[in-house]
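Below is one structure; the comments refer to it alone.
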Amino acid sequence: MLRKGLAIAALGLALMGGPALAAGTQEEPRTVAWSFNGPFGKFDRAQLQRGFKVYREVCAACHSMNLMSFRNLGQAGGAFHDPKYPNPNDNPYVKTIAKDFETSEIDQETGDIVKRPATPADRFPNPYPNEAAARAGNGGALPPDFSTLSKARAGGADYIYSLLSGYSAPPAGLEVPSGQYYNPYMLGDVSAFWKGKGHAPPGGFIAMPPPLAADKVTFDDDTKSTIDQQARDVAAFLTWASEPKMEERKAFGVGAMIYLLILAGLLYMSYKRIWRNVAH
Amino acid sequence: MADSVTGANPEHGEDGDDPSRRDFIHIAAGVAALGAAATVAWPFVDQMNPAGDTLALASVEFDLTKVQLGQSVTIKWRGKPLFIRHRTGAEIASAIKDDKAALRDPSTDEARHKAGKAEWLVLIGTCTHLGCVPTFGGGDYGGWFCPCHGSHYDTSGRIRKGPAPTNLEVPDYAFLSDTVVKVG
Amino acid sequence: MSGHSNYVPKTGFERWLDTRLPIARLAYDSLVDFPTPKNLNYWYTFGGILALCLGIQLVSGIVLAMHYVPHVDHAFASVERIMRDVNYGWLVRYMHANGASMFFIAVYAHMFRGLYYGSYKAPRELLWILGCVIYLLMMATAFMGYVLPWGQMSFHGAVVITNLFGALPLVGQSITTWLWGGFAVDNSTLNRFFSLHYLMPFMIAGVVILHIWALHVTGNNNPTGVQVKSKADTVPFHPYYTVKDGFAISVFMLMFAAFVFFTPNALGHPDNYVPANPLVTPAHIVPEWYFLPFYAILRAVPDKLMGVLLMFGAIAVLFVLPWLDTSRVRSMRYRPTTRMYFFIFVVACLVLGFCGGRLPDEYVIPGLKTFQLLDADLNSMVWLSRFAAAYYFGYFLIILPVMGLTENPLSQPKSISEPVFSHSAALPVGAAASPEKRG
């Protein structure tokens, strides 16, 4: 009886941290069968490449990715990883991508700030020089940094995908403030702006206009460029960027679990053998 | 120890089954536990090796046109100074002349620069004695002089006098073009 | 440590060592030859599991400190760098972050086991109190560790917890300012929290040594609660309990590994991956799961000072527990009525944890509006936590003292070996049962 009671207690306490406080009024994100789900999940390389293209051509205009360097794209598990180049700095594709971006450095002779083409070791350049500039360029709203976005939002990739592909016309009776857009997946509370009957609709206002459009990005692998596809791909890319070591972690984990199962089995047999002559 | 306890004896079972099989399970369990500990130990050792961002800065490219003839420029590479010296004809000649002198760490001048690029000397700027940074142009041989313990290097960066055991080290580098070298 | 020793030095070196620093004797007496009741169940393996948890946290923490930068401008990025660039940094960091949760799972199991089998009763009062000190140090360490990544939850958690001390009359404001080293949680606060977070685990290790010392003086309690009577009641710690603890540890590690490798962020909060911003508070601010019951008690009280006092009182009451429980029977096995109250107590703790993770005004049964009682609807989290908190304190302050005097316990076996040997045979009733009847 104690066993059962306390086992449930420990389990209950353990599970409580996760789902706590789901008190928002937004819609639950739609779930996607991601290739990286589950203990054996891996990122889809082609999807990451498409997602990077969406980020680069659409998101990067406003959203920084301060923790990412170009070399990350070429590292093991990255979008442009090539086993021929174990050192991602040598990966010619990554070098080409980096070269298309400019980064500033201090000229060692004059002390001036000069622009030079980026190298794989450089970070993704920030679209704005500072936070104030970012806010000024976006009607007072700060576009969040994308480095850890997928980890920083409840729902992760599902949430990013749902939000990007989930813009809908505001229901009749909802007064959308100027410079804001209605999105049913956005965390928030629109009841103060609800003039219709019954409950206020789910979701919140977001300062970002719908960023994606069909054929806005041309995919190199001839995948049809729909809003849904772009949202999926960029969500996968951002999830990789949040957890670039996920594949390594899961592979290590599968091995560790198998090893621990064997160890537990051996210890159990050893335990039974040692105890078998003890009346207890 | 265990034998002193009544009815509690792990080593000698009442029934006479094969003792080697009994031992095997205990040994296997012990070995597996040690194996688990060893597997976890490696990541804890490896984490002290250079991290990804450190390795990313492990190579630098340098534009040689910035170095005047007869001058040396010091840049930072892997956290250490790197000497890039634009040697004059006289300096090269004196270095070649000394190829046959009694050297502590024998090496020809030819072997210390890239073929056909005798005017460019690229060296790691830490004294091979205890890691100080030698000063340019000092010492009895016109190369470098280490102020810490008085090591003299010649214009080829070879140790000639003082406590240092070996010549200044030549890093891995390559000419990407006539004017650009990539070190590392 | 506890008098008699069976250690016999075998080699010349061992004899030499034994007359100078009898460290081998100490290890032999406490880890090999230590007589341990032979009826300890799996609930008793959590002590060993906890020792391992402390070891893991210490080693992984020392490693993280090699890469972490305790500065408001760099802390968040340095933690991310650990996970992105440092070799196996992701493993070390996730081990440390989830290790804290595992540590608390094990410590709660260990504590509930102590409560159930009466392990806090004479002569083990100090053993229990040292355990409470460890628990308190663990909570302080865990709280400060959670601040270090300097995410949104780190920052605002630090703000809320340090402000608790502001509730104290007269000195409150000075204490919070002193804790902060400024006018708000800022770089000075982060720096001192890092220093203390590094220090405290070693204090815990010190108290753990005292805890084990005290354990080896009194010997283990056991599920019957009956004192060890003879050698027939015990087995040597090694190999009997080393292998049993080892097996339990391997099972525990399976759960640990499942979290670290497959859902490393499940026990954390997404907002802590947003860099700290002192100007914006996250929509819902919650502590880590292991603090939720205390957080619920804090919020159950409408008065700031009373809430803080009650929250600390919930821990303080554990320190005096050995003198609150008046029963002379240790194990709940022989206290059927009190056992029932104990299980309600476990549920009350869970309910408090549940409430701590919800908004106070949220309905318990969704959509059911009942009536306003004082300041909130009766069907609200705040009222549920009030009932549970009342039971929490009632269990320690009323139920345990009263039950010990009024209940009629079942007869206890004469010795640990007895229930094994006699099985269902009739117990010698008079002899065993009479000492427990009081009054």
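Observations, loosely collected:
- The set of residues in segment C:261-270 being open to solvent by less than 40 Å² (accessible area, probe 1.4 Å) and facing chain A (nearest Cβ under 7 Å) consists of C:Phe261, C:Leu267, C:Pro270.
- On the stretch given as segment B:101-110, residues that are among the aliphatic types (A, V, I, L, M) and either under 19 Å from B:Thr135 (Cβ atoms) or open to solvent by less than 30 Å² (accessible area, probe 1.4 Å) (or both) total 1.
Table: residues versus (1) out of contact with any Phe, Trp or Tyr (no Cβ under 8 Å at 6 or more places or on another chain); (2) farther than 16 Å from A:Thr239 by Cβ; (3) open to solvent by 60 Å² or more (accessible area, probe 1.4 Å).
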{"position": "A:Trp34", "(1), (2), (3)": "yes, no, no"}
{"position": "A:Ala61", "(1), (2), (3)": "yes, yes, yes"}
{"position": "A:Ser64", "(1), (2), (3)": "no, yes, no"}
{"position": "A:Ser69", "(1), (2), (3)": "no, yes, no"}
{"position": "A:Leu73", "(1), (2), (3)": "no, no, no"}
{"position": "A:Ala79", "(1), (2), (3)": "no, no, no"}
{"position": "A:Pro86", "(1), (2), (3)": "yes, yes, yes"}
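- Criterion: within 20 Å of C:Trp43 (Cα to Cα), at pLDDT 95 or above and either of a type in the set (S, T, N, Q) or open to solvent by less than 20 Å² (accessible area, probe 1.4 Å) (or both) - qualifying residue of C:Met83, C:Met138, C:Met111, C:Met102: C:Met102
- Within segment A:172-184, the only residue that satisfies the criterion of being surrounded by 17 or more Cβ atoms within 10 Å (Cβ to Cβ), assigned to a loop (DSSP other than H, G, I, E, B) and touching a Phe, Trp or Tyr at 6+ places or on another chain (Cβ under 7 Å) is A:Gln180.
Residue-by-condition table, conditions (1) of a type outside the set (A, V, I, L, M); (2) touching a residue at least 40 places away in the same chain (Cβ under 8 Å):
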| site | (1), (2) |
| --- | --- |
| C:Gly225 | yes, yes |
| C:Lys229 | yes, yes |
| C:Val235 | no, yes |
| C:Tyr240 | yes, yes |
| C:Thr263 | yes, no |
| C:Pro270 | yes, no |
| C:Pro275 | yes, yes |
| C:Pro282 | yes, yes |
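- Taking segment C:353-372 as the range and being surrounded by 13 or more Cβ atoms within 10 Å (Cβ to Cβ), of a type outside the set (D, E, K, R) and without any contact (Cβ under 8 Å) to a residue 24 or more places away in the chain as the test, the residues that pass are C:Tyr363, C:Val364, C:Thr370.
- Yes/no for A:Leu142 being under 25 Å from the mean Cα position of the chain (by Cα) and open to solvent by 50 Å² or more (accessible area, probe 1.4 Å): yes
- All positions within segment B:63-100 that are touching a residue at least 40 places away in the same chain (Cβ under 8 Å), assigned to a loop (DSSP other than H, G, I, E, B) and open to solvent by less than 40 Å² (accessible area, probe 1.4 Å): B:Arg87
- Test: residue in segment C:88-107 that is under 19 Å from the mean Cα position of the chain (by Cα), at negative phi, of a type in the set (S, T, N, Q) and assigned to a helix (DSSP H, G or I): yes
- Selection status of C:Leu292, over 29 Å from C:Arg81 (Cα atoms), more than 7 Å from every other protein chain (Cβ to nearest Cβ), in contact (Cβ under 8 Å) with a residue 12 or more places away in the chain and not basic (Lys, Arg): no
- If you go through segment A:38-59 and keep only what is polar (S, T, N, Q) and open to solvent by less than 40 Å² (accessible area, probe 1.4 Å), you end up with just A:Gln47.
- Qualifying residues in segment C:40-69 (those that are open to solvent by 30 Å² or more (accessible area, probe 1.4 Å) and in a loop (DSSP other than H, G, I, E, B)) - the one farthest from the other protein chains (Cβ to nearest Cβ): C:Val69
- If you go through segment C:118-135 and keep only what is open to solvent by 10 Å² or more (accessible area, probe 1.4 Å) and in a helix (DSSP H, G or I), you end up with C:Glu125, C:Leu126, C:Leu127, C:Trp128, C:Ile129, C:Leu130, C:Gly131, C:Val133, C:Ile134.
- Filtered residue count, segment C:242-255, keeping only those that are buried (at least 22 other Cβ atoms within 10 Å of the Cβ) and over 22 Å from the mean Cα position of the chain (by Cα): 1
- Residues of segment B:119-141 satisfying the condition of being open to solvent by less than 30 Å² (accessible area, probe 1.4 Å) and either closer than 20 Å to B:Phe62 by Cβ or at pLDDT below 90 (or both): B:Trp120, B:Leu121, B:Val122, B:Leu123, B:Ile124, B:Gly125, B:Pro134, B:Gly138
- Within segment A:66-88, considering residues that are more than 15 Å from A:Phe101 (Cβ to Cβ) and in contact (Cβ under 8 Å) with a residue 24 or more places away in the chain, the one farthest from the other protein chains (Cβ to nearest Cβ): A:Ala79
- Only one of the numbered conditions (1) modelled with pLDDT of 90 or more; (2) of a type in the set (Val, Ile, Thr); (3) surrounded by fewer than 19 Cβ atoms within 10 Å (Cβ to Cβ) is not met by A:Val94, and that is (3).
- Scanning segment A:160-170 for any residue that is of a type outside the set (Ser, Thr, Tyr), assigned to a loop (DSSP other than H, G, I, E, B) and farther than 30 Å from A:Phe43 by Cβ turns up at least one such residue.
- Only one entry in C:Pro302, C:Pro278 is touching an Asp or Glu at 6+ places or on another chain (Cβ under 7 Å) and either surrounded by fewer than 21 Cβ atoms within 10 Å (Cβ to Cβ) or more than 10 Å from chain A (Cβ to nearest Cβ) (or both), namely C:Pro302.
- Evaluation of B:Ala41 against (1) outside any loop (DSSP other than H, G, I, E, B); (2) of a type outside the set (D, E, K, R); (3) open to solvent by 80 Å² or more (accessible area, probe 1.4 Å) (one fails), failing number: (3)
- Scanning segment A:203-219 for residues that are in contact with a strand residue (DSSP E or B) (Cβ under 9 Å, 6 or more places away or on another chain), part of a loop (DSSP other than H, G, I, E, B) and small (Gly, Ala, Ser) returns A:Gly203, A:Ala207.
- Subset of segment B:77-106 [of a type in the set (Gly, Ala, Ser) and over 19 Å from B:Asp140 (Cα atoms)]: B:Gly79
- Which numbered condition B:Asn49 misses (of (1) open to solvent by 30 Å² or more (accessible area, probe 1.4 Å); (2) closer than 30 Å to B:His113 by Cα; (3) of a type outside the set (D, E, K, R); (4) in a loop (DSSP other than H, G, I, E, B)): (2)
- Cβ-Cβ under 8 Å pairs, at least 6 apart or on other chains, segment C:76-95 side more than 7 Å from every other protein chain (Cβ to nearest Cβ), far side in a loop (DSSP other than H, G, I, E, B) and open to solvent by 30 Å² or more (accessible area, probe 1.4 Å): C:Ser78/C:His67; C:Ser78/C:Val69; C:Ile82/C:His67
- Conditions (1) modelled with pLDDT under 95; (2) open to solvent by 10 Å² or more (accessible area, probe 1.4 Å): number failed by C:Thr162: (2)
The values are calculated or read from the model by the stated rules, or taken from the named source; none is laboratory data. Because the structure is predicted, anything quoted here is derived from the model rather than measured. No Cβ is skipped: glycine too gets one built from the backbone with ideal geometry, and neighbour counts run over all protein chains shown. Accessible surface is based on the protein model in full, side chains and every heavy atom, while ligands, DNA and RNA are left aside. Shrake-Rupley method; radii C 1.70, N 1.55, O 1.52, S 1.80 Å.
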